[in-house]
Amino acid sequence: MQLSDRIGRRVKLQDLHVLMTVVQAGSMVKAAARLNTGQPNISRSITELEHAVGARLLDRHRRGVEPTAYGRALLDGGAVVFDGLRQAVQNIEFLSDPTAGEVRIGCTPLLASSFVSAIVDRLSQHHPRIVSNLMTGYVETLHRELSERNVDFLITRRFGPLADEQLGFELLFDDLSVVATGAQSPWVRRRRVALAELANEPWVLPPPGSGIGSIAMNAFRANKLDYPRRTVVTDSPHVRMSLLATGHFFTIFPVFALRFPISHPEIKVLPVELQASRVPYGIVALKNRTLSPVAQLFIEHAREVAKPLANRKR
């Protein structure tokens, strides 16, 4: 029998769960509180786990504990094990009732409030008992959540080749960005507007370091302009929409944000030429991970909602 087989037989799932909780909590005391048990039981599980694998799994210091290289390797494997069990349970639930289940999607706030909301609306009409759990954040955070298997897949943009070879990308559509303002703005009556003419107007824009902020930043740079100084900085699409509706502010939006889930008659696109390339949007998933039937069902609906954008004339 190989060493890995012997270790696999000796590792208990309960002890593995304890290790994951200790690392997440940062200390054995906090882990004991989370698991509603005593610290001696936590220490015993860690000791038995270290004895089973033959290596120290945690480094202890004044601020708490951190996983060693061996501990991190075991945690990575543990995440796969528990994710596999969760997926198996979901598959069983789907077989017993294919109209119910849960899917976990990671996406940016702008996608969540527009394109992804349109998918959820379509899915709920066909399968009202399916729960869509949306996790929003910046792209870097979302990729970490995916690698840790806290979400089933991401719906996000891609700026270039994926750095992680374990990730796969399925294109849904690619999109351009536009300059938008409120319908009450006098600028909407202009037949042509240069971006430079708006440089000193009040803008509401996302943080320059965010993904959608970088799109806006590149648009200004392509037109040889600095990022506007007179801005409201927010990553909330709802705040941007509210301020745009006043007719006093301007922003840069991807076209899809103004189309989903409903049109926005109070927002108008200005005839401004932005020298910016199209950005691909799609599904990012782990290549070696089998998605649950509910997750695959969500992706099928995502493809349908994306068709009008994918089929647009370029």
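Quick notes
- Relative to the dominant Cα principal axis of the chain, helix 39-53 is inclined by about 80°.
- Share of carbon and sulfur in the accessible heavy-atom surface of the chain [1.4 Å probe, %]: 52 percent
- Gain on full stretching of the segment that runs from ARG60 to LYS307 - 0.36 nm per residue minus C-alpha separation: 83.6 nm
- Nearest-20 debye value, the chain charge dipole, Cβ charges on Lys, Arg, Asp, Glu: 620 debye
- Multiplying the residue separation of VAL131 and GLU197 by 0.36 nm and subtracting their alpha-carbon distance yields 19.1 nm.
- Rounded FRET efficiency, nearest 0.05, which uses the C-beta distance separating GLU165 from TYR70 and R0 of 22 Å: 0.40
- Dimensions (Å) - the range 21-95, Cα atoms, principal axes, largest first: 48, 27, 20
- Relative packing of peptides 190-202, 132-144, 297-309 - highest average C-beta neighbours within 10 Å first: 297-309, 132-144, 190-202
- ARG86 versus THR290: modelled label distance in nm, points set 7 Å from Cα along the beta carbon direction: 1.8 nm
- When shorter helices are ignored and each DSSP H run of at least 4 residues is given -39500 (n - 2.57), the per-residue value for the chain at 222 nm works out to -13500 deg cm²/dmol.
- Solvent-accessible surface of the chain, taken per residue with a 1.4 Å probe and all protein chains present: 54 Å².
- Among [x] 106, 37, 34; [y] 56, 48, 39; [z] 76, 49, 34, the entry derived from the coordinates for Cα extents along the principal axes in Å: [z]
- ASP83, ASP121, reordered so the largest accessible area comes first (probe 1.4 Å): ASP121, ASP83
The values are calculated or read from the model by the stated rules, or taken from the named source; none is laboratory data. The shown structure was predicted, so the numbers you read here are calculated from the model rather than taken from an experiment. As a convention, Cβ positions derive from the backbone with ideal geometry for all residues, glycine included, and neighbour counts pool all protein chains shown. Each accessible area value is taken on the protein alone, full model and side chains, heavy atoms only, with ligands, DNA and RNA left out. Shrake-Rupley method; radii C 1.70, N 1.55, O 1.52, S 1.80 Å.
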